[in-house]
Each structure stands twice: as C-alpha cells, then as structure tokens.
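Below is one structure, written out as structure tokens, with a few remarks after it.
The values are calculated or read from the model by the stated rules, or taken from the named source; none is laboratory data. Bear in mind the structure is a predicted one, so any value in this text is a computation, not a measurement. Backbone-built Cβ (ideal geometry, glycine too); neighbour counts: all protein chains shown.
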Amino acid sequence: MPRPALSADKITAATLALIDAEGLEAFSFRSLAARLGCQAMSIYHYFPSKQHLFEALVNLLLAEAGDFPDTGEWQARYRQAATAWREMALAHPGFYPYLAQFRLNHGPGLALLERQLAIFEAAGLQPKGRSRHFRAFGFYLNGACLDEVTGPHSPAAVTPLPVAEAATAFPGLMSIAPHFAPERRAATFQHGIELMIRAIETELAVKR
C-alpha cells in the first residue's frame, strides 16, 4: 500500500487541527504521524524539531491576524486589526496560548507588528505616544484573547467557593457575573477597543 503524500502544508494543517481539537499537551510527532498515516520520522524531513513546526503554525496564525487594511481612517484600521486578531485567536483555541507567549522577533512577526504600529503613526501620535498605545493595544489583545480561549480550562482552585457563599461574601462581583457570559464577550471586547480609541483621540485633541 503506497504511503500518503506528505508536504509541509499538509503537515502544518494537520498539526493545527490536532492541537485545536485536543490541546498542546496532547501533541506529539507520534500522534501527528498517526493522524497523517505516516511514520513520525517522515515528518522530520520537513520539520527537524517541534519548534520548527510550531513556528510554521505561528506564521499561519499571523497571516490570519494580518487580515486588515493598511489604508483608510486610522480608527477603522484599529478596529479591524483588533477584530482580525480576536477572530484568529478564537479560531485556534488550542494553539493560541503558544502564540501568545511567542516572541515575534522573526520576519513574519515583525512585519505584522510594523503594520499594526503604522496605525498609531497614521493617527498622528509622536514616537512616545505611539509606543505607549501600541503596547497597550498588544497587552489588551493578548490578555482578552487568552481569557476567551482558555476559559474553563484555565488553572483554578481545587475547592471553588460555592456560589451561594460567594454571593453573600462578594456581592459586588456576583452582581456583575451575568455580564461575563460568553454571548457578551464580543461586545465587551469591542467596548475595550472603543475606550482605547477614545483615549488616543483625547490625547491628540489636548495636544492640538
């Protein structure tokens, strides 16, 4: 029986599907080989290590996150860049935590960061302001998206406080808990984006 034809694209697609379905912890070259119907050693011909393979996945996700325009009103570009990043993260919940910790110090990473930074330059911010708002943008995207994709899978207390007890001890938190529901996350995310845009507009107005 002939072996299935392999390619770098086929391997990365299968890896991403496997990790998004089962999580990073479940990944190994052996489990990937079983999914592809090949020997694990065949994969090493294309990717000599897991780090090389994961970097290829990072590049795939960065390409998705780069789905925003480079021209037009800066506020619209800001919103679209943020939305593209969130959509990428939600589409790949298994692999996103790896990307969130990956240092974007290679070509594709720096290219995306340069395009994002251009939004702040288009707004008319000076270098100091660009650096602060650019960093805040990255912090917000990573934190918000990590919270969404990890959700109930995040580390938590062995013995959570019962809801009834929490309602008595921490009424403020419990009163807003319904607003943390999954169906409200998109609106909450956009609210944060609008606040940051407003902060830039206010800063620019003060300096005029």
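Values computed for the structure shown
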item: Matching residues, the range 92-110, being in contact (Cβ under 8 Å) with a residue 40 or more places away in the chain and small (Gly, Ala, Ser); result: 94, 100, 109
item: Yes/no for residue 75 being polar (S, T, N, Q) and buried (at least 17 other Cβ atoms within 10 Å of the Cβ); result: yes
item: Some residue of the range 171-179 being within 27 Å of residue 24 (Cβ to Cβ), under 26 Å from the mean Cα position of the chain (by Cα) and without any contact (Cβ under 8 Å) to a residue 40 or more places away in the chain; result: no
item: Residue within the range 88-103 that is touching a Lys or Arg at 6+ places or on another chain (Cβ under 9 Å) and surrounded by 18 or more Cβ atoms within 10 Å (Cβ to Cβ) present; result: no
item: All positions within the range 1-35 that are outside any loop (DSSP other than H, G, I, E, B) and more than 20 Å from residue 88 (Cα to Cα); result: 8, 25, 26, 29, 30, 31, 32, 33, 34, 35
item: Residue match in the range 127-147 (condition: assigned by TED's automatic domain parsing to the domain that holds residue 193, within 23 Å of residue 13 (Cβ to Cβ) and assigned to a helix (DSSP H, G or I)); result: yes
item: The range 170-194, residues that are in a helix (DSSP H, G or I), among the aliphatic types (A, V, I, L, M) and loosely packed, with under 11 Cβ neighbours inside 10 Å; result: 176, 187
item: Subset of the range 139-163 [more than 28 Å from residue 22 (Cβ to Cβ) and surrounded by 13 or more Cβ atoms within 10 Å (Cβ to Cβ)]; result: 140
item: Subset tally (residues that are assigned to a loop (DSSP other than H, G, I, E, B), surrounded by 13 or more Cβ atoms within 10 Å (Cβ to Cβ) and hydroxyl-bearing (Ser, Thr, Tyr)) for the range 36-56; result: 1
item: Residues within the range 57-80 that are among the charged types (D, E, K, R), within 21 Å of residue 20 (Cβ to Cβ) and in a helix (DSSP H, G or I), tallied; result: 1
